[in-house]
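Presented below is the structure to which this report refers.
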Amino acid sequence: MQKILNYINGNLIEPHKGEFMDNINPATGKVYSFCPDSTSEDVELAIQAAKAAFPSWSAKSANDRSEILLRLANLIEKNNDKLAEAESIDQGKPFWLAQKGEIPRAKANIHFFATAIEHFASEAHPMGDHAINYTLKTPLGVVSCISPWNLPLYLFTWKIAPALAAGNCVVAKPSEITPMTAFLFSELCIEAGLPAGVLNIVHGLGPKVGPTMTTHPDIKAVSFTGGTKTGAEIARNAAPLFKKLSLELGGKNPNIIFADCDFKKAVAESVRSSFTNQGEICLCGSRIFIERGIYETFKTEFINQTKLLKVGNPLAPDTKVGAIASKVHFEKVLSYIDLAKEEGGTILSGGNSVNVGGEFSEGYFIEPTVIEGLSFDCRTNQEEIFGPVVTLTPFDSEEEVLMMANSTEYGLAATIWTENLTKAHRVSAQIKSGIVWINCWLLRDLRTPFGGVKQSGVGREGGWEALRFFTEQKNVCIKL
Ligand code: NDP
C-alpha cells in the first residue's frame, strides 16, 4: 500500500519516528494508503531547512521565483486528471468537480501569484523637494501554512503560492484526513526545480505538529484555514509571540431569496450552493431565507431538484454528491440532523445516511437534506454543520431577514437573489460578512479580498492582500 512521505529539504522522507497513520478512502471506509504521523522533530527539521533556504530564495529576483512557480503551475495542469482522481479518492468529492474546478484552481493559484509578484512594486512618497520616502516590501522569513480537508490542494496552494512568490520559505501542513494531493504536489515541486528547503510539507495530526508550527521562534507568520475553535487556539498560542496571523475560519452563510428574483436561476444556484462538495465548502449557503410570497413554490421546486442529485461513487461521472470526508465528520453531520428533529424541524428531503452498496457499502454517504420549521436562533441554524444539510425559513421583510441573517457568530459569505438592484445594494451593505454574492454564488476573481468577519476570521487573503500579509513593509526616509 502506498506510503505518503514528508517533503523536507527537497527530499521525500519518512517521519523521524517512522510512524504512520491509516489514510482512509471515505467512499469505501477502507484504508488505502498511509500518512506520516509526524512529530515536532519533523517540524523542527522542516523549519531548519526553510531557514537555510531563505537567504538565497529571498535574494532571487521576482522574475526568477516567478519562472520556477510557473513551471510548477504547468505541471499541475499537465497532471490535472491524476490529481483530480487522487483528490476524489482521498476526500470523497465527485471526480468531475476536482477535474473541472478544484485542480484547475490550484494551478490558477500558483499562476496568479507567480505573475502578481512581478507587479508588486515598492512605493515612493516625496515630501515636496526636501525629502523622499520609499517603502520596501520584504519577505518575512519562514512562515507556516495550515490548511483543511474540504478543498485540499485548492486551499493548500492558495496559501503557499503568495508566501513563496513573495520570497518566504514555507513549512506547510495539509489535513491528515486528505494528505494525498499535497504529497503528489511535493513530487511536482521537485520536478519543477524548486530549490531544496523553500517549501517543506509535514504530514500529521494538527494537535501533534501544529503547536511547533505556530509557536516556534523562527516562524514569523501563520496562515491558517480551518475551524473557528482551532483558529482560536492558534491565536491564543501565537499572538503573545507577536507572529503575524491570517485566520480563515468557519461560516454559517445566509442565502436570501427575494420574491422578485429570477426564480429559475435562484433555485438552480441554491441547489448548487447548498450541496456542492457535499456542502463541505466554507462558502456554502446553509440557511436559506425565502420571502413568504414565494416560499411554497420555491420549496417545492428546490426539493424536486434536490431529489435529482445522485449520491454515490465519487468517480462516476453522474454522481452529484460524493462521500463525507471522514467517519468522524459523517457522524457529526448525522448528529446535527438528529438535533434538527429534536429542535422541532421537519425533514422535507433526505435526512439519512445512504448505503450505496457493493464496494461502497461501508462508505460515508448522506442524502442531501432539507429541513424546515426551525427558529432562526436554534442550534441547527446557528452552528456550522459543514455537510449536505440546509434549512428553509420564510421571511416577511428586509428588516426581518437581515436580523436573522446577521444573527450568527459567523460572517463569511452571503448570497442575495433579487432583480431589484437598489435593494441588492441596500441589503448587501447591511449584511455582516466579508463576501456578498448577488444573483450568483462562488464567482471568484483572485484579485479580490477574501475573508470573514466576526468568528469567520481575521485578515484577508487574495490579490495584494495576500502579498502584503507575507511581506513586511519598511519605510526609508531620505532628506535631500
Ligand atoms: P480544523 O480546524 O480541524 O483543521 C484545519 C487544519 O488545522 C488541519 O490541517 C488540522 O490538522 C490543523 N490543526 C488542528 N489542530 C491544530 C493545532 N492545534 N494547531 C495547528 N493546526 C491544527 O478544520 P477542518 O480540517 O475540520 O476544516 C473544516 C473547517 O474549515 C470548517 O470550519 C470550515 O468552515 C473551515 N474552512 C474555512 C474556510 C475559509 O476560507 N474561511 C475555507 C475552508 C474551510 P488535522 O486535520 O490533522 O487535525
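Here are a few things to note about the model shown:
- In the set PRO195, PRO207, only one residue is within 12 Å of the ligand (Cβ to nearest atom) and either open to solvent by 30 Å² or more (accessible area, probe 1.4 Å) or without any contact (Cβ under 8 Å) to a residue 40 or more places away in the chain (or both); that residue is PRO207.
- Residue satisfying all of: in the range 463-476; in contact (Cβ under 8 Å) with a residue 40 or more places away in the chain and surrounded by fewer than 19 Cβ atoms within 10 Å (Cβ to Cβ); nearest to the chain's Cα centre (by Cα) among these: GLY463
- Among the residues listed as ASN79, ASN109, ASN74, the single one being open to solvent by 40 Å² or more (accessible area, probe 1.4 Å) and modelled with pLDDT of 95 or more: ASN74
- Some residue of the range 402-425 being over 28 Å from ASN168 (Cα atoms), under 21 Å from the mean Cα position of the chain (by Cα) and acidic (Asp, Glu): yes
- Inside the range 225-244, residues that are open to solvent by less than 80 Å² (accessible area, probe 1.4 Å), within 8 Å of the ligand (Cβ to nearest atom) and farther than 20 Å from VAL142 by Cβ make up a count of 5.
- Every test in (1) in a helix (DSSP H, G or I); (2) aliphatic (A, V, I, L, M); (3) farther than 27 Å from ALA163 by Cα is passed by ALA466 save one, and that test is (3).
- Selection within the range 115-126 - touching a residue at least 24 places away in the same chain (Cβ under 8 Å) and either open to solvent by 60 Å² or more (accessible area, probe 1.4 Å) or within 16 Å of the ligand (Cβ to nearest atom) (or both): GLU118
- Yes/no for ASP260 being assigned to a loop (DSSP other than H, G, I, E, B) and among the charged types (D, E, K, R): yes
- Complete set of residues in the range 451-469 that are within 16 Å of the ligand (Cβ to nearest atom) and farther than 21 Å from LYS229 by Cβ: ARG460, GLY462, GLY463, GLU465, ALA466, PHE469
- Residues of the range 284-314 satisfying the condition of being of a type outside the set (Gly, Ala, Ser), surrounded by fewer than 21 Cβ atoms within 10 Å (Cβ to Cβ) and in a helix (DSSP H, G or I): ARG292, ILE294, TYR295, GLU296, THR297, LYS299, THR300, GLU301, ILE303, ASN304, GLN305, LYS307
- Subset of the range 238-257 (residues that are outside any loop (DSSP other than H, G, I, E, B) and closer than 30 Å to VAL427 by Cβ): SER246, LEU247, GLU248, ASN253, PRO254, ASN255, ILE256, ILE257
The values are calculated or read from the model by the stated rules, or taken from the named source; none is laboratory data. All figures in this text were calculated on a predicted structure; none of them were measured in a lab. Glycine gets a Cβ as well: all are built from the backbone with ideal geometry, and neighbour counts include every protein chain shown. Ligands, DNA and RNA are stripped out before the accessible areas are found, and what is left, the full protein with its side chains, is counted by its heavy atoms. Shrake-Rupley method; radii C 1.70, N 1.55, O 1.52, S 1.80 Å.
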